[in-house]
Amino acid sequence: MNSIIKNILAVIAGWLGGSIINMGLIQLGHKVLPIKDIDLNDMNALAAIMPTLEFEYFIFPFLAHALGTLVGATIAGLIAASHKMKFSLAIGGLFLLGGVIVNYMLPGPVWFAITDIVIAYIPMAWIGGTIALKISRNKDK
């Protein structure tokens with residue numbers, strides 16, 4: 001397969017795979033820790049209640065962002081024909097952009113925004129890229 005096409009597919013697959021993990025964990029979080037009397041589709045209601053929520057309501061969003069990025073970056077790194085770490089970090093950048101937008105649209109506590117933006121994206125993408133590189137090296141042996 002052409003390396004350019006393979007690299008494009010790496011970004012698409014990484015983004016989709018990471019997004020599926022992200023949304024699955026967000027939905028699981030809403031089932032495990034439902035927010036009483038809130039329509040989850042009403043962004044204004046969610047934005048209004050976010051600053052008042054306790055710590056435990058931010059566990060699943062953080063895990064969703066971190067694990068979604070980790071899985072997406074690993075997938076991208078495994079599929080990429082070349083520059084595996086760069087493609088993994090690109091997935092981290094895409095998810096970071098989404099995280100900044102979500103933190104702007106649904107402003108929660110400052111501690112969560114900082115923790116989320118600093119830990120959940122680029123470091124997880126780097127770990128995903130490292131995993132992909134190790135798996136790729138082991139395949140080549």
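The values are calculated or read from the model by the stated rules, or taken from the named source; none is laboratory data. Keep in mind it's a predicted model, so treat the numbers as computed, not measured. When we count neighbours, we look across all protein chains shown, and the Cβ atoms used for this are built from the backbone with ideal geometry, even at glycine. What goes into the accessible areas is simple: the full protein's heavy atoms, side chains included, and nothing from ligands, DNA or RNA. Shrake-Rupley method; radii C 1.70, N 1.55, O 1.52, S 1.80 Å.
What to note about this one:
- Two-site FRET efficiency, residue 135 against residue 39, from Cβ-Cβ distance with R₀ of 35 Å, rounded to 0.05: 0.25
- Between residue 119 and residue 48, the contour length at 0.36 nm per residue exceeds the Cα-Cα span by 23.1 nm.
- Per residue, the average separation of C-alpha pairs within less than 8 Å and at least 6 apart gives the chain a relative contact order of 33 percent.
- Of the DSSP H helices in the chain, those whose Cα atoms cover at least 20 Å axially and whose Kyte score averages 1.0 or more: 3-32, 59-79, 84-105
- Computed FRET value (nearest 0.05) for residue 20 with residue 106, which takes r as the C-beta separation and R₀ as 22 Å: 0.60
- The residues neighbouring residue 57, those whose beta-carbon lies less than 15 Å from its own, together hold a net charge of -2 under the Lys/Arg +1, Asp/Glu -1 convention.
- Tally of Lys pairs whose C-alpha atoms are under 30 Å apart, taken over the chain, 8 or more apart or cross-chain: 11
- When you filter the trypsin sites (Lys or Arg not before Pro) in region 1-82 for DSSP loop state and at most 12 other Cβ atoms inside 10 Å of their Cβ, you are left with 36.
- Solvent-accessible area assigned to carbon and sulfur over region 1-139 amounts to 73 percent, based on a 1.4 Å probe.
- Most mobile of 55, 95, 87 in a GNM of the chain (Cα contacts under 10 Å): 55
- Cα-Cα separations in region 26-141 greater than 24 Å, expressed as whole percent: 34 percent
- Selected from 91, 12, 75 as most flexible by GNM, with the chain as the system and alpha-carbon contacts under 10 Å: 12
- For the peptides 98-104, 118-124, the ranking by packing is 118-124, 98-104, with the highest mean count of neighbouring Cβ atoms within 10 Å listed first.
- Unit charges on C-beta of K, R, D, E only; dipole of the chain, Debye: 940 debye
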